[in-house]
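Worksheet for the structure shown next.
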Amino acid sequence: MDMPILKPLPIKTRGKSAFGRLKAWITEVRTWEVAENWEYQLDPDTRIIIPKGFVFDGASIPRILWAVLSPTGLLLIQGLIHDFGYKYDYLWAVNKGEGEKYIKIYEGKGQDFWDELFYRVGREVNEMKVINALAWLPLSLFGFIAWNNHRDNDYDDLKPE
């Protein structure tokens, strides 16, 4: 499996007061931008694409647990796919038929679908059943907060180039 090429984005501390910089250091999470279209074989018939330019923060793990569950460690791939699904409620896939090169799939599947996909992809990628379950459980209980925040926004499509 090819890993995505990611560009770390700066945590904004420049020009802030000492308290503002400290607050950013404690509360802000690094975000990552997908630097090139990234493809992943989701199943034998489905090859998905996360488009260049997508920005995400990895798995949303409380900072106190980062030593055990790094947001960009074992959970990187499933977090990337899950974050795109949460934001847009669809994925892009390679079109095997005529016409467009890429097509939308899983459009409108909803939060539970993306949470289950997070767990499934994790099992396939890292084969760490317990770690994936530990990451999935709080996601299934509290993911509605991020899900609802994304539903309050009207995002433009981010298409693969």
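Quick rundown of the values:
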{"item": "All Cα pairs of region 31-151, percent lying beyond 19 Å", "result": "45"}
{"item": "Cα-based reach from residue 52 at 26 Å (exclusive), listing lysines while leaving out same-chain residues under 8 positions away", "result": "7, 12, 87, 96, 101, 104, 109, 159"}
{"item": "Packing-based exposure ordering (other Cβ within 10 Å, fewest first) of 155, 119", "result": "155, 119"}
{"item": "Among 27, 72, 46: highest mean-square fluctuation, GNM of the chain, C-alpha pairs under 10 Å", "result": "27"}
{"item": "Computed lengthening from residue 134 to residue 112, 0.36 nm per intervening residue step minus Cα-Cα distance", "result": "6.3 nm"}
{"item": "Residues 104, 87, 129, sorted so that the one with the fewest Cβ neighbours within 10 Å comes first", "result": "129, 104, 87"}
{"item": "Estimated vicinal HN-Hα couplings, Hz - region 17-33 in sequence order (Karplus 6.51, -1.76, 1.60; Gly, Pro = x)", "result": "5, 4, 5, x, 5, 4, 4, 4, 4, 7, 9, 7, 10, 4, 10, 10, 10"}
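Here, each number is a calculation from the coordinates, and none is a lab measurement. In this text, all values refer to a predicted model and were calculated from it rather than measured experimentally. Neighbour counts run over all protein chains shown; Cβ positions are idealised from the backbone, glycine included.
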